[in-house]
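J.: Before I ask anything, here is the structure I am working with.
The values are calculated or read from the model by the stated rules, or taken from the named source; none is laboratory data. For clarity, every value in this text was computed on a predicted model and none was experimentally measured. No Cβ is skipped: glycine too gets one built from the backbone with ideal geometry, and neighbour counts run over all protein chains shown. Heads up: the accessible areas ignore ligands, DNA and RNA and are worked out on the full protein's heavy atoms, side chains in. Shrake-Rupley method; radii C 1.70, N 1.55, O 1.52, S 1.80 Å.
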Amino acid sequence: RVEMARPVDGGRPLCCGRTFLAAGMVDEARSEASRLVEAMLPMVRQGAVIVGLEPSCLLTLRDELGAMLPGGEAAEIAASAKLIGEFLWSETARGNITMNFKALEQRVHVHGHCHQKSFGAHQPEVAILNSIPKLSVINIESSCCGMAGAFGYNKDTFAVSLKMAELSLLPAVRSAALTDGIVASGFSCRHQIKDGTNRTARHAVHILKEALT
């Protein structure tokens with residue numbers, strides 16, 4: 001069963017607070033995080049898993065949430081939060097779901113978001129992609145894409161952002177055949193790839209969807 005968590009106060013959509021944190025607005029981020037915990041905690045205590053697509057948002061719940069809101073409630077939220085790749089891989093391994101993928105005769109190059117890699121959440125995504133028959137999955141050995149939220153768009157940090165991207169990610173994308181797919185589950189990563197190479201990267205779920213239809 002899939003449920004969308006809604007704010008208890010019936011107001012604005014829920015937010016993890018990441019956008020405020022990135023701008024150094026800690027009090028505002030804490031306020032958003034509190035609203036999220038209040039709305040999600042009852043479902044988590046009933047056994048729900050929080051599944052997310054965007055690494056920076058979802059993994060805020062496993063990282064900064066506990067610093068903003070110390071205590072057991074934040075820990076409960078953190079323990080239930082999984083990226084879509086982690087969730088699908090773990091549930092498949094447990095035998096709780098079966099992914100009947102059709103063959104995709106394609107090669108894809110996969111870039112992991114920094115949060116994914118630091119929390120061990122990148123490899124499950126690569127693993128679930130590798131389970132698609134005939135799909136050739138190439139993991140891009142890269143550091144940070146350099147975008148880091150709004151860092152890559154700030155006038156004072158734009159050049160540094162591009163230098164970071166040019167260390168490994170952008171050269172790897174440029175060297176990929178035009179018929180190859182580029183996968184990056186981070187929103188900012190996809191923008192950096194587009195801006196730096198004019199190649200369009202897709203979230204891993206788009207590849208999974210193709211293999212399921």
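J.: Within the range 138-155, can you find the residues that are open to solvent by 10 Å² or more (accessible area, probe 1.4 Å) and out of contact with any Lys or Arg (no Cβ under 8 Å at 6 or more places or on another chain)?
T.: Of everything in the range 138-155, those that are open to solvent by 10 Å² or more (accessible area, probe 1.4 Å) and out of contact with any Lys or Arg (no Cβ under 8 Å at 6 or more places or on another chain) turn out to be N139, I140, E141, S142, S143, C144, A148, A150, F151, Y153, N154, K155.
J.: Kindly state which helices (runs of 4 or more DSSP H) lie completely within the range 1-103 and contain at least 2 residues that are over 30 Å from I207 (Cα atoms), among the charged types (D, E, K, R) and open to solvent by 30 Å² or more (accessible area, probe 1.4 Å).
T.: 26-44, 72-80
J.: Further, regarding this structure: Since S161 meets every condition but one in (1) part of a helix (DSSP H, G or I); (2) closer than 22 Å to R62 by Cβ; (3) touching a helix residue (DSSP H, G or I) at 6+ places or on another chain (Cβ under 8 Å), which condition does it not meet?
T.: Looking at each condition in turn, S161 falls short on (2).
J.: Among residues belonging to the range 104-125 that are crowded, with 20+ Cβ neighbours inside 10 Å and aliphatic (A, V, I, L, M), point out the one that is farthest from R62 (Cα to Cα).
T.: In this case the residue turns out to be V108.
J.: Being touching a residue at least 12 places away in the same chain (Cβ under 8 Å) and polar (S, T, N, Q) is the requirement here; does S161 meet it?
T.: yes
Let's see how each residue does on (1) over 18 Å from the mean Cα position of the chain (by Cα); (2) open to solvent by 20 Å² or more (accessible area, probe 1.4 Å):
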| site | (1), (2) |
| --- | --- |
| A127 | no, yes |
| L170 | yes, no |
| R174 | yes, yes |
| I182 | no, no |
| Q192 | no, no |
| N198 | yes, yes |
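J.: Do we have H203 as under 17 Å from the mean Cα position of the chain (by Cα), within 25 Å of N100 (Cβ to Cβ) and not small (G, A, S) here?
T.: Here the answer is yes, as H203 does meet what is asked.
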